[in-house]
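The values are calculated or read from the model by the stated rules, or taken from the named source; none is laboratory data. Because the structure is predicted, anything quoted here is derived from the model rather than measured. Here the Cβ positions follow ideal geometry from the backbone for every residue, glycine too, while neighbour counts run over all protein chains shown. Note: accessible area is taken over every heavy atom of the protein model, side chains too, but ligands, DNA and RNA are not part of it. Shrake-Rupley method; radii C 1.70, N 1.55, O 1.52, S 1.80 Å.
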Amino acid sequence: MALTHNLGFPRIGTRRELKFALEDYWKQNTNTDELLATAKSLREQNWQTQVDLDLAPVGDFSLYDHVLDMSFTLGHLPERVQGLKGSELDHYFRVARGRSPADCGCSGVAAGEMTKWFDTNYHYIVPEVSEDTVFSLNSQRLVDQIAEARSAGVTPKPVIIGPVTYLWLCKARDGYQRLELLEHLLPVYGQLLDQLADLGVDWVQVDEPILVTELDADWKLAFETAYHQLKSSRAKLLLTTYFGTLGENLQQACKLPVAGLHVDAVRGCQEVNAVVDWLPPHKVLSLGVINGRNIWKTDLGALLEWLTPIHDKLGDRLWLAPSCSLLHVPVDLEPETELDPEVRSWLAFATQKLDELRVLRIALNEGTDAVAAPLADNARAIARRRNSTRVHNPTVKQQVQGITPELGERQSPYPVRAEQQAVALKLPRYPTTTIGSFPQTTGIRKTRLAWRKQEISRELYVTTMKAEIERAVREQEKLGLDVLVHGEAERNDMVEYFGEQLEGYLFTRFGWVQSYGSRCVKPPILYGDIQRPGPMTVEWIAYARSLTDKPLKGMLTGPVTILNWSFVRDDQPRRDTAFQLALAIRQEVLDLEAAGVNIIQIDEAALREGLPLRRSQWQEYLDWAVDAFRITANGVSDTTQIHTHMCYSEFNDIIKDIARMDADVITIETSRSAMELLDVFEEFHYPNEIGPGVYDIHSPNIPSREQIVTLMSKAAERVPAERLWINPDCGLKTRQWEEVIPALENMVAAARELREAAG
């Protein structure tokens, strides 16, 4: 009998209940008990949704981030937080965002560094280690949730990050080797597993996703050390991998002394037969057969044909699950009553993916006749999508086939362009700007919602948005910023806004996915060939341009970021889809230039996020990703300055490809890393201009003038001052005006001080 289980479920709630509970708590509109009650209610709802599974995950729910949760479970807090007053929850939010409600408006502490979780758009808080790091078990969170799960009627399977992956995720300073901490970490894991066994837990899911990356000998040895020490645990360990193939780690993963192994059978389908052959006969094999990263229905008929011989061979040793945690997809398709019915029939969100698992289990255990109706419905939906004329547009495909290398080339090399742009723009040394968005106030959001619901006229909507744009322009003029932006009041999301105006996209109302903490995004669904029917941003940006004599920057989202932050069609190579997007955004770039906008920022925040997890596969991706950007950006004249922005991306190891993008100016996140991301420029001569972020917009803390001067002075040690810009880490839409204005005042004051110091 094949069993079913789940690796993790979305935490945010169908209506983003967790987001609103967190934000009310941070604003001190609610107390701790109310926040924790909301969290408990959401966990109970999640377990009820998963009640038909043989095993349900426990510990996958988090108030901010599951990596941060693991740090607290291991008693691993940054030293700067340990001596502060307050509860454990206060410490938790201090690490997460630099401040807790208990800090009473104080400046707070430095928040933990944040970066992307493997190749997803989820951000985690990076654990910090040094030779003084100590660990101590703090398991009450898991203990309480196990009891809750049992009360909800599910069989609990605690979920923890494995010890080797945890150390791999850590950041060590001053050259300290993270693996030196393994001997101190493993006893704490042993205590945790013993405690779970004492609670009657049968299986523990131990996530070790770094097994799908290329590991050196030391990290491979760490797996042997860790699991041979933990094999005495009375709880059965399910070693869990996801996001890719095991590759050269396959044999080791199969041989490690654990009771079961989970593999990603979506991205690693070609490896499954080898795993079946290598796995010892006493071990369980969990196959992640439902895609946990995308929203398309699974072809259940084809999957059953593939699974049946594996089930015949393994019998009770076969478990079925999603490929990874369902954290990366929306909660439920049912509320999407306004969605296009045809495309809706092709989709499956987290709740529906569990339904697919149930059908597979019944079909394998009882025969396909027991689920004939849902299998027939699934087959019809798969066939309709495959043959739909809405998906395929011959004209678009011909345009992609007609792309030539010349489309990706600027008229002149950067040094020539830089001279012309300096004359045209007349910017001072250390020019100041922002990344594009300004606070999205309640009034802005209400107006956009009323327009979407057709409760107000277009005339009133345009008038209101233009008033907000003018406010943003006037505030920037008052602050003394050198390059202004229009503030993006009309935009709901940097990807969704563009997708709404492109053919081949579809949008949900409730398809939210957690990005970090209370930050949720609603990825659009890219289901067909892409075309731009008409200008998307020109009206708003041209209006802002007419309001000021100062340089103004037009804001666009780049093709690779639109691709990586959408739910993308899976019936053609991602490269082809990226090039379709590049051609569409290129048209917008040219229209902006024609409207008199001579600084254009094309955000590629997610370029690195799309890197394959195996370095040997990077170059193929980087070649077409950089080409897509160049196709988008390089139709303009030399006097038009092209910017791009990348946030929370460790890109030191792809710096040559970043340089090949040939943007005139690149802005990046550096404030949480104290400019460490710029270390690469000590060895690599980056040829163009760069704006290292000096204002951490993911924290309510306001940077001082002195802090900004210190950060920029560090930057000037690596990059010539004449090629440095000063800007925040990212857009300011999630912040409040009362935070933004003093922060930008300090940024402008720091620029003046630096200019004076430079003479």
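Side notes on the structure shown:
- Under the condition of being of a type outside the set (S, T, N, Q) and either farther than 17 Å from H5 by Cβ or assigned to a strand (DSSP E or B) (or both), the residues counted in region 304-328 number 12.
- Residue in region 340-351 that is open to solvent by less than 10 Å² (accessible area, probe 1.4 Å) and part of a strand (DSSP E or B) present: yes
- When G190 is tested against (1) open to solvent by 60 Å² or more (accessible area, probe 1.4 Å); (2) under 21 Å from S71 (Cα atoms), just one condition goes unmet, and that condition is (1).
- Residue match in region 399-412 (condition: assigned to a helix (DSSP H, G or I), under 31 Å from the mean Cα position of the chain (by Cα) and of a type in the set (A, V, I, L, M, F, W, C)): yes
- Residues (hydrophobic (A, V, I, L, M, F, W, C), within 28 Å of R614 (Cβ to Cβ) and in contact with a Phe, Trp or Tyr (Cβ under 8 Å, 6 or more places away or on another chain)) located in region 184-214: L185, I210, L211, V212
- Within region 442-456, residues that are more than 16 Å from I469 (Cα to Cα) reach partners that are part of a helix (DSSP H, G or I) and open to solvent by 100 Å² or more (accessible area, probe 1.4 Å) with beta carbons closer than 8 Å, at six or more positions or on different chains, in the pairs W451/R458.
- Flag for G175 being assigned to a loop (DSSP other than H, G, I, E, B) and open to solvent by 10 Å² or more (accessible area, probe 1.4 Å): yes
- Residues that are open to solvent by 20 Å² or more (accessible area, probe 1.4 Å) and of a type in the set (V, I, T) were ranked within region 727-759; the one that is farthest from the chain's Cα centre (by Cα) is I741.
- Residues that are outside any helix (DSSP H, G or I) and open to solvent by 40 Å² or more (accessible area, probe 1.4 Å), drawn from region 352-389: T389
- Condition met for Y430 (of a type in the set (F, W, Y), surrounded by 14 or more Cβ atoms within 10 Å (Cβ to Cβ) and under 26 Å from A749 (Cβ atoms)): yes
- Of the residues in region 492-499, at least one is among the aliphatic types (A, V, I, L, M), under 26 Å from L592 (Cα atoms), touching a strand residue (DSSP E or B) at 6+ places or on another chain (Cβ under 9 Å) and open to solvent by less than 10 Å² (accessible area, probe 1.4 Å).
- For region 473-483, the count of residues that are out of contact with any helix residue (DSSP H, G or I) (no Cβ under 8 Å at 6 or more places or on another chain), part of a strand (DSSP E or B) and either under 30 Å from Q401 (Cα atoms) or modelled with pLDDT of 95 or more (or both) is zero.
- The set of residues in region 244-262 being more than 24 Å from L192 (Cβ to Cβ) and open to solvent by less than 60 Å² (accessible area, probe 1.4 Å) consists of G244, T245, L246, G247, N249, L250, C254.
- Of everything in region 221-243 that is of a type in the set (S, T, N, Q) and in contact with a Phe, Trp or Tyr (Cβ under 9 Å, 6 or more places away or on another chain), the residue that is surrounded by the most Cβ atoms within 10 Å (Cβ to Cβ) is S233.
- Restricted to region 476-491, and to residues there that are among the charged types (D, E, K, R) and over 20 Å from the mean Cα position of the chain (by Cα), the residue that is surrounded by the fewest Cβ atoms within 10 Å (Cβ to Cβ) is K478.
- Selected residue [of a type in the set (A, V, I, L, M, F, W, C) and in a loop (DSSP other than H, G, I, E, B)] from L142, L137: L137
Each row is one residue, and each column tells you yes or no for (1) touching a Lys or Arg at 6+ places or on another chain (Cβ under 8 Å); (2) surrounded by fewer than 18 Cβ atoms within 10 Å (Cβ to Cβ); (3) assigned to a loop (DSSP other than H, G, I, E, B).
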| position | (1), (2), (3) |
| --- | --- |
| A422 | no, yes, no |
| T434 | no, no, yes |
| Q440 | yes, no, yes |
| G443 | no, yes, no |
| L460 | no, yes, no |
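- Here region 500-510 is the region considered, the condition is being over 28 Å from L552 (Cβ atoms) and in a loop (DSSP other than H, G, I, E, B), and the residue that is least open to solvent (accessible area, probe 1.4 Å) is T508.
- Restricted to helices (runs of 4 or more DSSP H) entirely inside region 1-87, those with at least 3 residues that are surrounded by fewer than 21 Cβ atoms within 10 Å (Cβ to Cβ) are 17-26, 32-49, 79-82.
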